[in-house]
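J.: Below: one structure in structure tokens.
The values are calculated or read from the model by the stated rules, or taken from the named source; none is laboratory data. The structure displayed is predicted, hence computed values, not measured ones. When we count neighbours, we look across all protein chains shown, and the Cβ atoms used for this are built from the backbone with ideal geometry, even at glycine. Side chains included, ligands, DNA and RNA excluded: accessible areas come from the protein's heavy atoms. Shrake-Rupley method; radii C 1.70, N 1.55, O 1.52, S 1.80 Å.
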Amino acid sequence: MNILKITFKSVKRRYRQIIRAALTTLFAVFFVTAVLIFQENMYQWQMQSNKDRFGDWFIMDIGSRQPDSNLTDHIYIEQPVKVSRSVNVLNDDWQSTGFYVGSFSSEFLAQSHIKLDEGRQPENSGEIAMDWNTLLSLGYTGEIGETITIRYCEENSVYNNEARHEKQFRLSGIFANYTSIWKYGKKMPGAVVTENALSAFNTKCKNSYLYSLKESVRASDYAIVYKKIKEDAKTETEYNSAVYDY
């Protein structure tokens, strides 16, 4: 009992200091928690902003016919989406511009975060959509309904005059720029047509596969994660450093 009395007397005598210490501790815990929540929200906002600008993909598998099983079965990444590209677009002198004709699936658009600035996706074989960089680089004004001439060579045989062809399309939509913004953006088709129109170019399509990172994966250095995944891959891959190394 003596000990309890001494304890109570001590608490009573110092209750102001105890309350002050408790409030200080509570404030410190609240402050640290608020900072952590703010950091997490800022991280999520920055990551989403980067994905909207540079694409929601972690690894790009460039030019494979089929997805690499070492990637599709990997525990860190989601199943891929495919984008097909065909002929190389040529200029008036029949030289390569570095842009490709291809087609976009709805799954690819959903993951890539590529968005239309104007117009709509091509819906028939006579329509085409392009990103701003491709459109302006080829000398067009970007007016919906504009006639677009695509010069190309079958099987990309640029030195074979007999393989040269032209196709005309009506501009149906303009995508926000990605060919000059994304890392390896020019590996994406800058001129987008329907799948039927793409097959009419009579050239074997090359596929790229885009893999997003699983939401459960969080790392302080994504480059190390990519390096480990790349070691297992049997195809040429590219890492979206613009998003994950900001």
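J.: In Å³ and rounded to a whole number, note down the convex hull volume per residue for the Cα atoms of segment 72-111.
T.: Details: hull volume 3.7 nm³, N = 40.
Residue-normalised Cα hull volume stands at 92 Å³.
J.: Percent of accessible area on segment 101-246 owned by carbon and sulfur, 1.4 Å probe?
T.: Values: 3270 of 7300 Å².
The C+S portion of the solvent-accessible surface of segment 101-246 is 45 percent.
J.: Follow-up. Roughly how many nanometres apart are two label points built 7 Å out from the Cα toward the Cβ at Lys228 and Ile62?
T.: So the label points at Lys228 and Ile62 sit 2.5 nm apart.
J.: Loop only per DSSP, at most 12 neighbouring Cβ atoms within 10 Å: give me the trypsin sites (Lys or Arg not before Pro) in segment 59-115, ordered by residue number. Let's see the in-between values first.
T.: On the way: sites: Arg65, Lys82, Arg85, Lys115; in loops: Arg65, Lys115.
Here the sparse-neighbourhood loop sites are Arg65, Lys115.
J.: With a 1.4 Å probe and every protein chain left in place, work out the accessible area per residue of segment 44-109 in Å², rounded to a whole number. Write out the running numbers ahead of the final one.
T.: Details: 3040 Å² over 66 residues.
Accessible area per residue: 46 Å².
J.: With the contact rule set at Cα under 8 Å and sequence spacing of 6 or more, what percent relative contact order holds for segment 135-246?
T.: Values: 80 pairs, mean separation 21.9, N = 112.
Normalised by residue count, the contact order of segment 135-246 is 20 percent.
J.: Give, in nm to one decimal, the length gained when the segment between Ser105 and Arg218 is fully stretched (0.36 nm per residue of separation minus the Cα-Cα distance).
T.: On the way: separation 113, 0.36 × 113 = 40.68 nm, distance 2.86 nm.
Net length gain for the segment: 37.8 nm.
J.: What whole-number value in Å² describes the accessible area per residue of segment 168-246 for a 1.4 Å probe? Provide the component values of the computation, followed by the final result.
T.: Numbers: 3850 Å² over 79 residues.
Using a 1.4 Å probe on heavy atoms only, each residue of segment 168-246 averages 49 Å².
J.: Going down the list Lys51/Lys227; Lys82/Lys228; Lys115/Lys204; Lys183/Lys206; Lys115/Lys228; Lys204/Lys227, which pairs span over 29 Å between their C-alpha atoms? Each step should come with its number before you reach the end.
T.: Working: Lys51/Lys227 20 Å; Lys82/Lys228 23 Å; Lys115/Lys204 27 Å; Lys183/Lys206 18 Å; Lys115/Lys228 32 Å; Lys204/Lys227 31 Å.
Table pairs above 29 Å Cα-Cα are Lys115/Lys228; Lys204/Lys227.
J.: For segment 100-203, state the average projected area of the convex hull of the C-alpha atoms over all orientations, rounded to one decimal in nm².
T.: On the way: hull surface 25.9 nm².
The orientation-averaged projected area of the Cα hull of segment 100-203 comes to 6.5 nm².
J.: Where the only charges are on Cβ atoms (+1 Lys, Arg; -1 Asp, Glu), what is the dipole of segment 82-145 about its Cα centre, to the nearest 20 debye?
T.: The calculated dipole for segment 82-145 is roughly 280 debye.
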